[in-house]
1. Tell me which of B:PRO351, A:ASN106, B:LEU47 sits at the most positive position along the dipole axis of the protein assembly as shown, charges placed on C-beta atoms (Lys, Arg +1; Asp, Glu -1).
2. Please find, among residues of chain B, the one with the beta carbon closest to the rotation axis relating it to chain A, distance in whole Å.
3. Considering only the label points, 7 Å along Cα→Cβ from Cα, what distances in nm to one decimal separate A:PRO280 from the same position in each other copy, shortest first?
4. Any lysines with Cα under 21 Å of the B:LYS90 Cα? List them, leaving off those in the same chain fewer than 8 positions away.
5. Return the long-range amide H neighbours of B:ILE178 (sequence gap of 5 or more, or a different chain), with a cut-off of under 5 Å between placed amide H atoms.
6. To the nearest 10 degrees, how steeply does helix B:350-359 sit against the main Cα axis of chain B, on a 0 to 90 scale?
7. Starting at the first residue of the range B:90-99, write each ³J(HN,Hα) from the Karplus equation 6.51 cos²θ - 1.76 cosθ + 1.60 with θ = phi - 60°, in whole Hz, x for Gly and Pro.
8. Using a Gaussian network model of chain B whose springs link C-alpha atoms within less than 10 Å, name the residue from B:GLU313, B:GLU227, B:GLU336 with the highest mean-square fluctuation.
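Just so it is clear, none of the values below were taken in a lab; they were calculated from the coordinates. Small disclaimer: the values here were computed from a predicted structure and weren't measured. No Cβ is skipped: glycine too gets one built from the backbone with ideal geometry, and neighbour counts run over all protein chains shown.
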Number of protein chains: 2
Amino acid sequence: MDTQEYAQQVVRHARKASKSIAKARADAKNDVLEQMAQNLLNGRDELREANEKDLAAGREAGLSDALLDRLELTDDRIEKMAAGLRTVAKLKDPVGHLVDGWTLPNGLELTKKRVPLGVVCMIYEARPNVTADAAALCLKSGNAVILRGGKEALHSNMAIHSRLAEALEESAIDSNAIQVIRTTDRSVVDVLLKADEYVDVVIPRGGPGLIRKVAETASVPVIKHYEGICHTYVDKDADLDMAVSICENAKCQRPGVCNAMETMLVHRDIAETFFERMMPVFKEHGVEIRGCPATRELVPDATEATEEDWRTEYLADILSVRVVDSVGEAVDHINEYGSSHSDGIVTEHLPNAQKFLDEVDSATVYVNASTRFTDGGEFGLGAEIGISTDKLHARGPMALEELTTYKWTIMGTGQIRT
Amino acid sequence: MDTQEYAQQVVRHARKASKSIAKARADAKNDVLEQMAQNLLNGRDELREANEKDLAAGREAGLSDALLDRLELTDDRIEKMAAGLRTVAKLKDPVGHLVDGWTLPNGLELTKKRVPLGVVCMIYEARPNVTADAAALCLKSGNAVILRGGKEALHSNMAIHSRLAEALEESAIDSNAIQVIRTTDRSVVDVLLKADEYVDVVIPRGGPGLIRKVAETASVPVIKHYEGICHTYVDKDADLDMAVSICENAKCQRPGVCNAMETMLVHRDIAETFFERMMPVFKEHGVEIRGCPATRELVPDATEATEEDWRTEYLADILSVRVVDSVGEAVDHINEYGSSHSDGIVTEHLPNAQKFLDEVDSATVYVNASTRFTDGGEFGLGAEIGISTDKLHARGPMALEELTTYKWTIMGTGQIRT
């Protein structure tokens, strides 16, 4: 079987399995999730063995330490994956939830009810735990899923998949409800992205290159999980203690994630005072500052921020800093250079907070809090499959509900239109 | 200015205007809508004059009578367009509606609030009234809109647009909030479909060729308004009087629209009795029957239905008919050949009704009613911009709410993540 045939078979199998998983009841799905968790724990040794192959290949290929770290499956991480599956088992099943409903004057009874999307295709990079997380969320929301992870994690992903599939095989659910692409051949992705008849949505998670390629190639609808170029704007009327604490947290608590701050905007009137207190904190954390000319006048260590810097998601101990003259200028900068992910203002001035909330065109907008809170778990959604930077269907953290659509059902007693 | 430059200018102007219209209050938008309605009525003569140019060109190009009829702007139709704008003015503004919200254990206050999508691009064919309808719905929901109608209606669309733009010019809203593409050059469409940075959604309404082209070309997210290959399944346990009345209505009340029945499925056990009562009714309406072999045995007039017929939206007095052995076979036929628009069952048997509702994978599914009810107005949504056959974001009739997205806003008092 060549790669094209293989990919065609995967999407056909997924479509067929989607009918089976869509009908599964919550308790059946939860039992499978529990069994999957158990299988991962029981299969620890095989998982680590498969992962060791990926790590060895990664070292040979010269992957960075950061990437190797993300790739590694330790006992602790395997336990966390299993715990994640059990968490999903405990969440409320979104399928069948009545969104809305009413009776028309002619007696027709309308209901708008949540149903699974059908077939979800995830295209992602590096971390193998995404394989288990995404499989669990798609299963719980009644969807079949096709998982296409990074080539670096192929053995790990296949090993995780085997443990999950065992649990499905013992259940009444078609085991093709969860499939992992078993080849690194890129032409498979092209088939997936064009398989409108079989795949209902593609969710790409990864770098800008991956996302752009998917958006440009796909005829299947896409929900983009784009990078996070997140901003914090320190207003003239900010509580500066609070601003220092929030900016430190947003930049330094975990610089390698998408909701970390990449650019700090500071009002000119308080820039000098604020920098005097803020910069020593960044220095202590080893954060490199790249600044606009006004920043560099006040912060001698700062190097020059280029046009490119304002558009960069560093995911590292680097911060671009710009001095602005007003909240309006901050808003314009964010809408121009940001990625519509998470942006915040620190201010005590109500009209500026309102303006910022209204005019920043991002999925999540904060007043007086760290952008690091953008996360399905933190938001109280119980889990997340990712963070949508799109505006259609789902915006911001995506969890179970966002993996469903709705269906209108209309009950009549013989009504006809006149 | 060449076509490319023109298209680039349109999308840039739309993005800029989207900021202005997003901030407009409901009463300001309603005043503009009222003024637009008045302008259309006052401009009747110019509208008919422009329309006469399109009609003359259409006659010369040999357009069918049906197409010429759809293209024509009569006084009555102009009055209906104006009335449509006033109806939209009376609808509730969806912008700012609080979808959900809660306070997290750490005191952060989350709200999920409706906001405009931004820039909507409509690509449609023939009927010039869509220009006014779509402009009104986008304006009311706070979006800037780019309207690209059919080349046959260019003069009519530009004349309608002039009347609408006059009303905007007298208001505080940027008049580029409504733009009509003023050329029939197709390369404009390619620019629109790739303008991710400026356009938030493309809504194509038209034939399958148009929809497919848009879905394949666009990197901007698309909500497809695909054809309606609608089915009615007459079950073994149907009330046959009701079935005759529903099928007559679904097929004959207005055959040229997307929610009309194109294929009738009939259970074998009642096929003979049902056909005896149903077929004379279709004959009276001049409906041509194309049947499966079992149908043709019972209905001598019927010609052969080909594989192609099951996939065809006739929009005419033609009906394909198939005899099936079970509700399961009916469901399979619909999921295989339908367009996920509107499908119904006529039955008194509860489990069959349930199975049909659960398993038919369409936007709207009916029990004992005509599929002709699939319409924003009939559903009580007040209006519609179209009927989505997609599963993401909007499914079935799309009105004001479906032209919005949401934004998460998070109010804090200095919270940081630990």
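1. Farthest towards the positive end: A:ASN106.
2. Value returned for chain B: B:HIS393, 2.
3. 9.9
4. Cross-link targets: B:LYS23, B:LYS29, B:LYS80, B:LYS140.
5. So B:ILE178 has HN proximity to B:VAL145.
6. 50
7. Ordered by residue, 3J(HN,Hα) equals 7, 6, 5, 6, x, 5, x, 5, 7, 6 Hz.
8. The residue that fluctuates most here is B:GLU336.
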